[in-house]
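**Q** Structure in structure tokens, see below.
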Amino acid sequence: MHSSPMSYPGTTPKTIVIRDIETVDEMHQVEQLQREIWGTSDLEVVPALLLRPQKEVGATLMGAFAEGRMIGFVFGFPGILNGETIIHSDMLGVSSEYRSQNVGYLLKLAQREAALALGVKRITWTFDPLQSRNAHLNFNKLGVIADRYLINYYGETSSFLHQSGTDRLWVTWLLDREPAKTQELSNVPALISVGENGEPVVHQADDDELLIEIPGEPNPELWREPTRTAFTSALSAGHIVSGFY
């Protein structure tokens, strides 16, 4: 599989080039980015020796480059889910100085193009529902949906980003559908709202549409348990997570 490089001048302060990662040397750069972005130990870094054969059998591995330096990457591997061939996007990482500059979104678009070229129409991944920036990217810009909540999915790891636990929403990106337009909230009952001091306030609610509210930067020690209960109860009742406001 090969995709042509895509340049995005003006998207960030410097021109970003998105292209396939092809060489072992570049895959070693992916190893180093994992250490820098997530602070993982060497035992938990996905090695170049695994990335190389995965690429041969349909994995998507693209890098974002600024002035010739790799500043981000996305990696997904093929799998079978309910009889359908999918790509599971296991890692998306961007160097700290390039975050909030659209690089992650551009990498996901490149991954979508590569998946469609393989005939794949569904990409899945997981993310922490307490991370509002990731929720905005996933639901508002890409148009994913989520119907599974995974408790302590990765267990304990060496990453400083996992110190608040590894509960995750499992999301699905349907590549052959246009993202749904985000609707205005109007009298939607909340399972959880943000209190005056930033604390979670739990409510009893049962309706066709429900709201789970979080602050911009929630304290996981306060918010993990109540949001876990809210998500699992709503999803078990047949709801899906389909938007972020």
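The values are calculated or read from the model by the stated rules, or taken from the named source; none is laboratory data. Given the structure is predicted, the values throughout are model-derived calculations rather than measurements. Cβ atoms come from the backbone with ideal geometry, glycine included; neighbour counts cover every protein chain shown. Ligands, DNA and RNA are stripped out before the accessible areas are found, and what is left, the full protein with its side chains, is counted by its heavy atoms. Shrake-Rupley method; radii C 1.70, N 1.55, O 1.52, S 1.80 Å.
**Q** Between rounded, prolate and oblate, where does the range 49-150 land on the alpha carbon gyration tensor, with a ≥ b ≥ c its root eigenvalues, rounded for a/c under 1.5, else prolate if a/b exceeds b/c?
**A** Verdict is oblate for the range 49-150.
**Q** Please work out the average accessible area per residue across the chain, using the 1.4 Å probe convention, and give it in Å².
**A** The answer is 54 Å² per residue.
**Q** Which residue, chosen from 137, 21, 107, occupies the Cα position most advanced towards the positive end of the dipole of the range 1-152, where the dipole is computed from +1 (Lys, Arg) and -1 (Asp, Glu) charges on Cβ about the Cα centre?
**A** Most positive-ward Cα: 137.
**Q** Moving to a separate point now. Taking the full set of protein chains and a 1.4 angstrom probe, give the accessible area of residue 28 in square angstrom, rounded to the nearest 10.
**A** 80
**Q** Rank 229, 154, 64 by how far each Cα sits towards the positive end of the charge dipole of the chain (+1 on Lys, Arg Cβ; -1 on Asp, Glu Cβ) and give me just the farthest.
**A** 64
**Q** One-quarter of the Cα convex hull surface for the range 124-245, in nm²?
**A** Reported value for the Cα convex hull: 7.8 nm².
**Q** Please list, in chain and number order, the residues 5+ apart from residue 62 or on another chain whose amide H is under 5 Å from its amide H, with Hs placed from the backbone.
**A** 21, 74
**Q** Considering only the other residues whose Cβ falls under 9 Å of the Cβ of residue 239, what net charge follows from Lys and Arg at +1 and Asp and Glu at -1?
**A** Net local charge, residue 239 excluded: -3.
**Q** For a test of the definition: using alpha carbon positions, the gyration tensor, and the 1.5 limit on a/c, classify the chain as rounded, prolate or oblate.
**A** prolate
**Q** Can you work out the Karplus-derived ³J(HN,Hα) for every residue in the range 35-45? Use 6.51 cos²θ - 1.76 cosθ + 1.60 with θ = phi - 60°, whole Hz, and x for glycine or proline.
**A** 5, 5, 7, 10, x, 7, 6, 4, 5, 10, 7
**Q** Under the Karplus relation 6.51 cos²θ - 1.76 cosθ + 1.60, θ = phi - 60°, what is the ordered set of whole-Hz ³J(HN,Hα) values for the range 65-80, x standing for Gly and Pro?
**A** Computed from phi, the couplings for the range 65-80 are 10, 10, 6, x, 9, 6, 10, x, 7, 9, 9, x, 10, x, x, 10 Hz.
**Q** What is the pair-distance distribution P(r) of the range 38-94, computed from all Cα-Cα distances in 5 Å bins starting at 0, with each bin given as a whole percent?
**A** In order of increasing distance, the bins hold 4, 16, 21, 25, 19, 9, 3, 1, 0 percent.
**Q** Rounded to a whole number, what % of the accessible area of the chain do carbon and sulfur atoms account for, probe 1.4 Å?
**A** Here it works out to 48 percent.
**Q** Now, a different point. Can you give the helix-only mean residue ellipticity at 222 nm for the chain, where every DSSP H stretch with n ≥ 4 adds -39500 (n - 2.57) and the sum goes over all residues, rounded to the nearest 500 deg cm²/dmol?
**A** The helix contribution divided over the chain gives -7500 deg cm²/dmol.
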